[in-house]
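Chemist: Supplied in structure tokens, the structure appears directly below.
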Amino acid sequence: MEETMLRNKIIAVLLTAFTVLSLAATPALAGNVHLKGGKAVPSFTDLGLTLTASGALAGLGNGDVIVDLTATGNPTALCTNQGSNPAPGQNPASVTLTGEEFIPQSDVKNGTTPFSVTTQPPTSPVPGAPACPNPNWTETITDVAFTSATITVFQAGALVLTVVCTFSPPTVDGSVPARTISCSSS
């Protein structure tokens, strides 16, 4: 009986020590990460083949930050035959483009940090030229009109914010007017 009680006490002490050490080793995460500023909508810039999202995050805790941007849009393509004759105005299926920005913990000041993340451009020429008259043509994407973007923010490996935005009408090259952006956060 005494042996069982001693074993239970040792187990309880070890579990308590493990719990304390686990909590001490976990970085402090924020509970209310949000976009900083007036209407809390990021700004967007359509750079033709890429989209940039910029803004500032607030309510962050300790740890490195990763900001991911996923944007969907309708590309415009140029089809060129083997004789180098172009056929403009081709509209292939929508594309989804991604980008990522890493922000080290040392750049987070008082729970805030600016961000600016840009997607990668679409693959061009498009393999197999699916929007062209036949696969012997070359399909080159010349522009993307973006229709939506999702910003996901991770801190110390944990998802802390998701912002989903839509553009109506779709974007055109240049700064995206705030009145055409509608966002929700979770």
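Values quoted throughout were computed directly from the atomic coordinates according to the rules given, and no laboratory measurement underlies them. The shown structure was predicted, so the numbers you read here are calculated from the model rather than taken from an experiment. Cβ: placed from backbone, ideal geometry, glycine included. Neighbour counts: every protein chain shown.
Chemist: Points 7 angstrom from Cα along the Cβ direction at Lys109 and Leu47: gap in nanometres?
Modeler: Rounded to a tenth, the inter-label distance reads 2.5 nm.
Chemist: To continue, here is another question. Subtracting the Cα-Cα distance from 0.36 nm times the residue separation, let me have the gained length for Ser184 to Thr76 in nm, one decimal.
Modeler: Gain on stretching Ser184 to Thr76: 36.1 nm.
Chemist: In nm, to one decimal, how far is the modelled label at Leu159 from the one at Asn85, with both set 7 Å along Cα→Cβ?
Modeler: 5.1 nm
Chemist: Within the stretch 47-75, find all residues whose amide N lies under 14 Å from a label point positioned 7 Å from the Cα of Asn32 along Cα-to-beta-carbon.
Modeler: Residues passing the 14 Å test: 58-61.
Chemist: Given a Förster distance of 30 Å, report the FRET efficiency between Asn62 and Ser116 from their Cβ-Cβ distance, rounded to the nearest 0.05.
Modeler: Efficiency for this residue pair is about 0.85.
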